[in-house]
Amino acid sequence: MNILLTGGAGYIGSHTAVVLAQAGHHVVLLDNLCNSQASVVTRIGRITGQAHPLEVCDVRETARVQHILRQYNIQAVVHFAGLKAVGESVQQPLAYFNANVSGAISLLEAMQAEGVRKLVFSSSATVYGQPQYLPLDEDHPTGAINPYGRTKLHIEEMLQDLAASDATWRIAILRYFNPVGAHESGLIGEDPSGTPNNLMPYIARVAAGKLPYLNVWGDDYATPDGTGVRDYIHVMDLAEGHRAALDYLNHSTLPCEVFNLGTGKGYSVLDMIQAFELATGKRIPFQVGPRRSGDVAACYADNQKAAMKLAWHAQHQLGQMCQSTWQFESGYL
Ligand code: NAD
Ligand code: UDP
């Protein structure tokens with residue numbers, strides 16, 4: 001298929017581009033480069049041995065997106081483009097609603113106008129809000145607790161309404177748990193600008209000596225060691241999940257479906273420190289601080305639906321997530 005990846009130069013988009021190209025698809029990347037660099041596309045090409053077009057474009061430029069869909073005869077879209085920093089979304093909610101919700105509306109209008117009806121959308125486990133039970137299945141009630149999460153929920157609702165209005169749509173909403181790690185080549189990975197907010201990139205910067213120690217946000221949660229528990233998933237497994245979802249949409253009879261993409265296993269912050277030290281031989285000094293506001297104690301997926309319907313199973317272990325993170329980070333030393 002000819003597949004457009006909005007936000008394709010970003011962290012998850014670049015890894016998915018590799019997987020889709022290696023599966024024989026033609027990928028076109030669309031990105032406004034607000035959180036990525038054009039050089040990523042050359043690196044993707046070095047891995048796949050092919051050149052992939054990059055259209056530097058904002059997804060809110062509906063007419064241009066429409067033109068790109070037509071120009072490349074696009075048959076399916078994976079929509080990664082958007083803003084994703086929770087803290088920033090609290091400070092700048094309008095920017096988040098504009099980029100994420102208006103961005104999705106613009107893309108969907110362009111797709112509708114061009115008759116492109118297959119879409120995979122990047123959602124997040126954050127839409128589950130405070131877990132009422134674990135593991136989280138797709139029927140768990142939703143309820144976002146910050147503006148970023150609310151943008152994802154709004155888009156999900158919009159997609160359900162769109163699918164209800166026109167049953168020719170084939171939409172897969174993927175709720176990612178915690179993507180970490182990098183491609184085994186070390187050529188692409190997660191490279192947040194400024195001080196990272198997320199655990200794994202922060203640990204990597206401590207290992208590289210760029211930050212003195214890790215702050216562990218709280219050790220008094222009702223978890224085995226008191227620190228927060230999350231479902232970390234290797235970004236290459238996540239990328240495979242997109243390939244599986246796109247294959248599924250080719251024969252699915254339902255216009256819109258939601259899938260969790262997680263490993264189903266929860267690891268604490270202390271587990272992650274230990275796993276990183278073991279995998280890399282680096283020491284990660286840490287200090288326990290207060291809880292981070294808005295954090296939940298534990299969050300991990302029930303991934304049975306993706307296993308059953310998409311025939312998708314996460315393959316990478318925690319050690320590989322840590323090793324590949326370090327390989328990418330240390331390439332920048
Ligand atoms: P990222 O920031 O690395 O990638 C997003 C890409 O979209 C960037 O290259 C950015 O330049 C581009 N972009 C942003 N706004 C755009 C716009 N208006 N028009 C065109 N391009 C635009 O983020 P990521 O981690 O790869 O996340 C991809 C998607 O997955 C996002 O929608 C994010 O909300 C979602 N998600 C990410 C995580 C995570 O932990 N990384 C978890 C759950 C969901
Ligand atoms: N965390 C931490 N120190 C950090 C960053 C994160 O202790 O510098 C903890 C955080 O409290 C949570 C876990 O690590 O329990 C994962 O946090 P992250 O921000 O990576 O993911 P999210 O909370 O969005 O699931």
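The values are calculated or read from the model by the stated rules, or taken from the named source; none is laboratory data. Please read these numbers as outputs of a predicted model, since none were measured by experiment. Neighbour counts run over all protein chains shown; Cβ positions are idealised from the backbone, glycine included. Just so you know, the surface numbers come from the protein's heavy atoms only, side chains and all, with ligands and any DNA or RNA stripped out. Shrake-Rupley method; radii C 1.70, N 1.55, O 1.52, S 1.80 Å.
Enumerate the calculated ³J(HN,Hα) couplings along the range 159-172 in order (Karplus 6.51 cos²θ - 1.76 cosθ + 1.60, θ = phi - 60°), each rounded to whole Hz, writing x wherever the residue is Gly or Pro.
5, 5, 5, 4, 5, 5, 7, 8, 6, 7, 5, 10, 10, 10
In the range 226-325, if the dipole is taken from +1 on Lys/Arg beta carbons and -1 on Asp/Glu beta carbons about the Cα centre, which of Q315, M236, V288 is farthest to the positive end?
Working it through, the farthest residue towards the positive pole turns out to be V288.
Using only DSSP helix segments of four residues or longer, with each worth -39500 (n - 2.57), what per-residue ellipticity at 222 nm results for the chain after dividing by its residue count and rounding to 500? If you can, show how the numbers build up before the last one.
Values: 12 runs with 131 residues, N = 333.
So the helix-based figure for the chain works out to -12000 deg cm²/dmol.
In nm², what is the average projected area of the convex hull enclosing the Cα atoms of the range 123-200?
Answer in nm², one decimal: 7.7.
Where a ≥ b ≥ c are the square roots of the eigenvalues of the C-alpha gyration tensor, would you call the range 46-181 rounded, which needs a/c under 1.5, or, failing that, prolate if a/b is larger than b/c, or oblate?
Prolate shape, in that a/c is at least 1.5 and a/b is the bigger ratio.
Return the ratio Rg/(2.2 N^0.38 Å) for the chain, where Rg is computed over Cα atoms only.
Compactness ratio reported: 0.95.
When only Cα pairs under 8 Å and 6 or more residues apart are kept, what is the percent relative contact order across the range 58-204?
Relative CO of the range 58-204 lands at 24 percent.
For the range 1-40, place one equal point scatterer on every Cα, skip the solvent, and apply the Debye formula. What is log10 of I(q)/I(0) at q = 0.14, 0.22, 0.27, 0.33 Å⁻¹?
-0.25, -0.60, -0.85, -1.12
Taking amide H positions as placed 1.01 Å from N in the peptide plane, with prolines and chain starts having none, which residues 5 or more places from V288, or on another chain, fall under 5 Å of its amide H?
Those lying under 5 Å, H to H, from V288 are V216.
Please give the per residue accessible area of the chain, computed with a probe of 1.4 Å over protein heavy atoms only, in Å². Kindly include the intermediate steps, with their values, before the conclusion.
Numbers: 14020 Å² over 333 residues.
Solvent-accessible surface per residue comes out at 42 Å².
Using the Karplus equation 6.51 cos²θ - 1.76 cosθ + 1.60 (θ = phi - 60°), what ³J(HN,Hα) coupling, rounded to whole Hz, does each residue of the range 23-32 give in order, writing x for Gly and Pro?
8, x, 7, 9, 10, 10, 9, 10, 7, 8
Determine the relative contact order of the chain: mean sequence separation of Cα pairs under 8 Å and six or more apart, normalised by residue count, in whole percent.
Once divided by the residue count of the chain, the mean separation gives 19 percent.
Among bridges DSSP assigns within the chain, what percent are antiparallel (round to 5)?
Percentage antiparallel, nearest 5: 5.
Defining a contact as two alpha carbons under 8 Å apart and six or more residues distant in sequence, what relative contact order in percent does the range 10-138 show?
After rounding, I find 24 percent.
Of K265/K309; K152/K210; K118/K305; K152/K305; K118/K309, which ones are farther than 22 Å apart at the Cα?
On the way: K265/K309 20 Å; K152/K210 32 Å; K118/K305 20 Å; K152/K305 20 Å; K118/K309 17 Å.
Long pairs (Cα-Cα over 22 Å): K152/K210.
Sorted by packing (mean other beta-carbon atoms within 10 Å per residue), highest first, where do 106-115, 90-99 land?
Highest to lowest by the protection proxy: 106-115, 90-99.
Using amide H atoms built in the peptide plane, which far-off residues or other-chain residues are under 5 Å from V180 H to H?
I233, H234, V235
Mind ranking V101, V65 by accessible surface for me, highest first, 1.4 Å probe?
These residues rank, largest area first, as V101, V65.
Got a number for the accessible area of D139? Probe 1.4 Å, square angstrom, nearest 10.
Counting only protein heavy atoms, the figure is 140 Å².
For the range 261-319, what number results from the quotient of the Cα radius of gyration and 2.2 N^0.38 Å?
Taking N as the residue count of the range 261-319, the ratio is 1.45.
For the range 144-149, just list the computed ³J(HN,Hα) in residue order, Karplus coefficients 6.51, -1.76 and 1.60, θ = phi - 60°, integers in Hz, with x standing in for Gly and Pro.
Along the range 144-149, the couplings run 6, 10, 8, x, 4, x Hz.
Carbon and sulfur: what percent of the range 138-220's accessible surface (1.4 Å probe)?
Carbon with sulfur: 45 percent of the solvent-accessible area.
Mind ranking Y213, Y221 by accessible surface for me, highest first, 1.4 Å probe?
Details: Y213 80, Y221 20 Å².
Result of the area sort, largest leading: Y213, Y221.
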